[in-house]
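Here is the structure we will look at, set down as C-alpha cells.
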Amino acid sequence: LWYVGNYYYNITNKLALNASGGKTGFPMSISSLQLGVGMIYGIFLWLAPDAREKPKVTKDDIIKMLPVAFCFMGAHSASVFAMGAGAVSFAQIVKASEPAFAAVLAQFVYGKPVSKAKWMCLPIVIGGVILASVKELDFAVSALVSACIANMFAAFKGNENKKLMETPGLSDRMGSIGNQFALTTILGFLMSIPVVLAKEGSRLGEFMNLCKTSPALWMNMVASGLWFYGYNELATMTLKKTGAVTQSVANTAKRVIVIVGVALVMGESLAPMKLIGCSIGIGGVFLYSIIDNLVKKKED
C-alpha cells in the first residue's frame, strides 16, 4: 500500500502540475493545497466516531513541532517544484541522494559524526546522480536545484524530528504516529500560506479560474493530496515496525518502482545512461544504509 500510494501520488501530482501550466504553472499553490487536503483528512479522522483519538499536546509541544513542520513543508514544496520543472523520474533520482545532505548536516551542524565507511559511499551516490543527469532529455537546472533544496529540508527534518521525539512524555501526548503526522501536516499547511502569497499571490485569480475550468487540475490536486497523506503515514508506520536493513531495502525498492513505473506511464525518457546512473545512485544509497552493519559484522 505504501508503494502504491507513492506511485499514484507521483502520477497525480505530475498531472495536476501539467494541467496548471507545467513549468510556468502554480507549483507552490498546488503543494500548499495538497497539504490542505491532508489537513482536512487528518481532522476528519479526529472527528469521525471511533476513528482516531485526538492528541493531548500542549502549547509548548506545538511550538517545539514548528521546526519539523517548516522543514516538512519546505521539503514537500521543493519536491513539487522539482517535478513541475522536469521529469518526475529525474527528480526522484536526485532526491535519492538525500543521504549525502543528511551526512553533511549530521557531521557539521548537529555534531553527530558519520562513519568513514558512510562517507566513502557518498561519491557513488553523487556519481550516479551526475551520470543520470548527463543524458537527461528533460534536464532543467531548476529541477536539479529544487530537488537538492528538498533534500536539504528533508535532512534537517530528520534531525529536528529526532530532537523533538526526545521531549519527555511527547509520544504519550501525541497518542500515535498518525496524530504526529496530522499535526505536522496542519502546521506545514499554515506555514505554506505566506509562501504562496509571496510567490504566486498576484496570480491566484488565474489559478482559481483554472481550477473552475479544468477538472484535470482540481481532481488530480485533491487525489495527490490524499495519496501524499496516506502513503506518508503508511510509510512511517511500516518503517517503525521493521529493522534498519529492511527499511533500507524497502526504501531502495520504492525508489526503483516509482522511477521506472512513473517514467513508463508519463512517457519520460529511460535512456541507458539514465538507467545506469539511477542504478549506481540507488545502489550507493542502499550501501550507505547498511555499510555500518556490514563493517561491524566483519569486525566481530
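Worth pointing out:
- Within segment 173-210, restricting attention to residues that are in a helix (DSSP H, G or I) and of a type in the set (Gly, Ala, Ser), the residue that is farthest from Gly84 (Cα to Cα) is Gly178.
- Output for segment 188-234, where each listed residue is aliphatic (A, V, I, L, M) and closer than 20 Å to Arg52 by Cβ: Leu226, Leu234
- Just one of the listed residues (Phe101, Phe90, Phe70) is assigned to a helix (DSSP H, G or I), open to solvent by less than 10 Å² (accessible area, probe 1.4 Å) and of a type outside the set (Val, Ile, Thr), namely Phe90.
- The set of residues in segment 180-194 that are buried (at least 20 other Cβ atoms within 10 Å of the Cβ) and either of a type in the set (D, E, K, R) or at pLDDT 90 or above (or both) comprises Ala182, Leu183, Thr184, Thr185, Ile186, Leu187, Gly188, Phe189, Ser192.
- Of the numbered criteria (1) modelled with pLDDT of 90 or more; (2) more than 17 Å from Gly5 (Cβ to Cβ), the one Val249 fails is (1).
- Scanning segment 151-177 for residues that are open to solvent by less than 20 Å² (accessible area, probe 1.4 Å), at pLDDT below 85 and more than 30 Å from Phe90 (Cα to Cα) yields Leu164, Leu170.
- Residue satisfying all of: in segment 211-246; of a type in the set (S, T, N, Q) and part of a helix (DSSP H, G or I); modelled with the lowest pLDDT among these: Thr246
- Scan segment 6-55 for residues that are touching an Asp or Glu at 6+ places or on another chain (Cβ under 7 Å) and in a loop (DSSP other than H, G, I, E, B) and the total you get is 1.
- Cross-chain or 6+ apart pairs with Cβ under 8 Å, segment 153-170 first and over 17 Å from Thr58 (Cα atoms) and in a loop (DSSP other than H, G, I, E, B), then open to solvent by 30 Å² or more (accessible area, probe 1.4 Å) and at pLDDT below 80: none
- Scope segment 22-41; condition within 25 Å of Val141 (Cα to Cα) and touching a Leu at 6+ places or on another chain (Cβ under 8 Å); matching residues: Gly25, Phe26, Pro27, Ser29, Ile30
- Residue within segment 276-288 that is hydroxyl-bearing (Ser, Thr, Tyr), within 19 Å of Glu98 (Cα to Cα), modelled with pLDDT of 70 or more and open to solvent by 60 Å² or more (accessible area, probe 1.4 Å) present: yes
- If you filter segment 19-41 down to residues that are farther than 15 Å from Val196 by Cβ and modelled with pLDDT under 90, you find that the one that is least open to solvent (accessible area, probe 1.4 Å) is Gly22.
- The lone exception for Met208 - which of (1) modelled with pLDDT of 90 or more; (2) open to solvent by less than 50 Å² (accessible area, probe 1.4 Å); (3) more than 18 Å from the chain's Cα centre (by Cα) it fails: (2)
- A single member of Lys112, Lys116 is at pLDDT below 80 and farther than 25 Å from Val88 by Cβ, and it is Lys112.
The values are calculated or read from the model by the stated rules, or taken from the named source; none is laboratory data. Just so it is clear, the model here is predicted, and its values are computed rather than measured. Heads up, the Cβs are rebuilt from the backbone with ideal geometry, glycines too, and the neighbour counts pull from every protein chain shown. Heavy atoms of the whole protein, side chains included, go into the accessibility calculation; ligands, DNA and RNA do not. Shrake-Rupley method; radii C 1.70, N 1.55, O 1.52, S 1.80 Å.
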